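Following: one structure in structure tokens, then a few remarks.
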């Protein structure tokens, strides 16, 4: 199986790239999180690869770091969660964010991802519960703050980043927390 590819990036689309290695162009599907971190075409790049063989043929999935590749393998090992859903999850959330969502048993957040319905979301929570144990559960106020900021249009990553930069004291209310987070400039 192919585990790693290094070559010249020839084509770059949001969820697919072509890397030329020794004169052969390999088409690789990637999550958005990987695509945005790649250099422009014409530059040498290296991707960690997951190779999947199915009736349709051989498919390659690429990642810039090992944590994304490992999470992709965990996600696609869940019955009913295929590569497309795995890439969609990694396009929307980092591996740590996926662990946190699973630890919080937050079906609603999982269902915001294309291709993840209620049954798949429940199956992900059930089968990956042991993965979530590695991440400490966020405080209730932080969880509420993240949800509130997401309802105002921020992504989970943006909301978490803003809240993590704040100084929170035991007397801080949710309203004060949100006000501080919204006053921050990116």
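Since every read-out is calculated from the coordinates, none of them should be taken as a lab result. Nothing here was measured: the structure is a model prediction, and the numbers come from that model. So basically every Cβ, Gly included, is an ideal-geometry build from the backbone, and we count neighbours across all protein chains shown.
One table, with the values for the structure above:
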quantity: Virtual spin-label span in nm between residue 129 and residue 24, 7 Å along Cα→Cβ; calculated: 4.4
quantity: Prolate/oblate/rounded label for the stretch 87-126 (Cα gyration tensor, a/c 1.5); calculated: oblate
quantity: Extended-chain gain in nm, criterion 0.36 nm per residue less alpha-carbon gap, residue 10 and residue 157; calculated: 50.0 nm
quantity: 17 Å cut-off, amide nitrogen to a point 7 angstrom out along residue 122 Cα→Cβ, residues in the stretch 75-100; calculated: 79-81
quantity: Shape call, the stretch 27-132: gyration tensor on alpha carbons, a/c limit 1.5; calculated: prolate
quantity: Mean separation of Cα contacts under 8 Å (6+ apart) over length of the chain, as relative contact order %; calculated: 13
quantity: 67, 91 arranged by Cβ crowding within 10 Å, fewest neighbours leading; calculated: 67, 91
quantity: Residue 52-residue 147 pseudo-label distance in nm [points 7 Å out on the Cα-to-Cβ vector]; calculated: 3.1
quantity: Gyration tensor verdict on the stretch 4-63 (Cα atoms; rounded if a/c is under 1.5, prolate if a/b is larger than b/c, oblate otherwise); calculated: oblate
quantity: Cα centroid separation, the stretch 56-106 to the stretch 20-34 (Å); calculated: 18
